[in-house]
Each structure stands twice: as C-alpha cells, then as structure tokens.
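Heads up: the structure comes next, in structure tokens.
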Amino acid sequence: MVEHAGGVASIARTADPAAPTVVYLHGNGSDLTTVHPLADLLRGQGVTFVAVEYPGYGRMADRPATETGIYDTVDAMLHHLSAAHDICRPVLVGESLGSAVATEMAVRGHGERLVLISAFTSMLAMFRRRAPGYPKLLLRDRFDTLAKIEAVTLPTLLIHGSADVLVPPRMSLQLASRLTQVQRVVVPGRGHSNLWEAPSRTLQLVARHAHAGEPEEVTAD
C-alpha cells in the first residue's frame, strides 16, 4: 500500500520489471478492497496493477467526495507514483465513474494509453435519463467527459456491455465519435457489472491494449 499527501494506492507488480502497468480507477460502488481481484487477473496477463482510492471511498471514507477532490487526489498520487515508484506513463483504465476520472487524468497529461469501460457522457446526462429537464445548476459535480474528450490525445479503447441498462452503450459511442485514435468494442450479452466475469473479453482487451496490441474486433451498435 502506498500513502502520499493523504491519498492511498495499492500496487501489485508482476515478476517482470518491464511489464506494462495499468492504473485502475474504479466505479462508484467500488473501493480498493473490492477491486483487488482484478490485480490477480491482470497480473496473470503480464500486467502490473495499480489502483488509486478516491476521497469518500474505502480507506478515505472520512474525506468529502467531490469531483475536484477526486481529480486532485488521483493527480497527486500519479505524480508520486511516477517520482517515487517508477510508474511512469501507465495505461489509465477507468470504469463507470472512473471513466470520467481517467479522462481527466489523460487531459492533465498522465498516461500512455487510455481505456474507458462503461463510460458515460456526463453526470447531467445520467440524471436526465431518470429526470428529464433536471436543472444543470442543481448538479455540483458534473463529471462532464463529453465536454473534454476531444482534448485526449492518447490511443483510446472504449469497452461497453451490450446489455448495460445503467449506462447505455450509445454514451460510449458519443465519446468515441469525438476521438481520433479510438477503438470501441461492445461485448455481447454483458451488462454494467459483469464485464470482468469469466470468460472475460474485457480482460483480454485491456491486457492487449496494455501491451500496445490492437483489439481483434470492433463492434458498433
């Protein structure tokens, strides 16, 4: 476990010091403890796994969870991991809420490649799925990935389950349409919370992207 400036991260290295590194940014219902099984899955694919915690979650549950606080905490931890732990230019992997965090980190200059899993366009768009016309002024934390995605210059892979009823696949399609170095894969029959279950196409795709490979197939809605 790594602690720095009030932030917390976990590192699970492979035996190969030259292995690529994934920095995983989790979703709203997760924390460092619940994502730990992913470390073993990715190490089995020859990938070092790092996960960064957010304020308001897990071991940082006593701190306020705000969009700015999450961004700044992850940003500081990524700088520390680069300077003190030789984790430089990792593959940023953000899932659900973490897709917005990963995008912001890419815009801030972190990462070598980017993976967005079950990505939504903005928190306002998510609210308006349930409450059409929801006032923008009432929303404190915007997590507006759509507004900043064009600033991303990293090779980007988007993965979405075809049966995702929480974040509709059309949202990742909207994001993909604004990127220049992009590949998008829709995984048939998978929903929002089971993309990593075996047999996991998502695991294969993330590992290939981490090793700078190309996905075998791209499926659009």
Tell me, please, whether a residue that is under 20 Å from HIS26 (Cα atoms) and aliphatic (A, V, I, L, M) can be found in region 128-141.
no
Subset of region 184-203 (residues that are in a loop (DSSP other than H, G, I, E, B) and either farther than 17 Å from VAL167 by Cβ or polar (S, T, N, Q) (or both))
SER193, ASN194, GLU197, ALA198, PRO199, SER200
Given (1) of a type outside the set (Gly, Ala, Ser); (2) under 11 Å from ALA119 (Cβ atoms); (3) at pLDDT below 95, index of the condition THR219 fails
(2)
Working carefully through the options GLY27, GLY46, find the one that is out of contact with any Gly (no Cβ under 6 Å at 6 or more places or on another chain), outside any strand (DSSP E or B) and touching a residue at least 12 places away in the same chain (Cβ under 8 Å).
GLY46
Could you grab me the full set of residues in region 114-153 that are surrounded by fewer than 21 Cβ atoms within 10 Å (Cβ to Cβ) and either aliphatic (A, V, I, L, M) or within 14 Å of ARG184 (Cα to Cα) (or both)?
MET123, LEU124, ALA125, MET126, ALA131, LEU137, LEU138, LEU139, LEU146, ALA147, ALA151
Of THR21, THR14, which residue is surrounded by 18 or more Cβ atoms within 10 Å (Cβ to Cβ), touching a strand residue (DSSP E or B) at 6+ places or on another chain (Cβ under 8 Å) and of a type in the set (S, T, N, Q)?
THR21
Within region 64-113, how many residues turn out to be surrounded by fewer than 21 Cβ atoms within 10 Å (Cβ to Cβ), touching a Phe, Trp or Tyr at 6+ places or on another chain (Cβ under 9 Å), touching a residue at least 24 places away in the same chain (Cβ under 8 Å) and part of a helix (DSSP H, G or I)?
1
If you go through region 8-67 one residue at a time, how many are among the charged types (D, E, K, R) and closer than 17 Å to SER96 by Cβ?
3
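Just checking, how many residues over region 142-166 are in a loop (DSSP other than H, G, I, E, B), closer than 20 Å to HIS209 by Cβ and out of contact with any strand residue (DSSP E or B) (no Cβ under 6 Å at 6 or more places or on another chain)?
Number of matching residues: 3.
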Kindly check whether there is at least one residue in region 116-138 that is part of a helix (DSSP H, G or I), closer than 19 Å to PRO90 by Cα and of a type outside the set (Gly, Ala, Ser).
no
Could you please find all residues in region 154-183 being more than 16 Å from the chain's Cα centre (by Cα) and among the β-branched types (Val, Ile, Thr)?
VAL165, THR180
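The values are calculated or read from the model by the stated rules, or taken from the named source; none is laboratory data. On a predicted model such as this, the values are computed, not experimentally measured, just so you know. Reconstructed Cβ throughout: ideal geometry from the backbone, glycine too, with neighbour counts over all protein chains shown.
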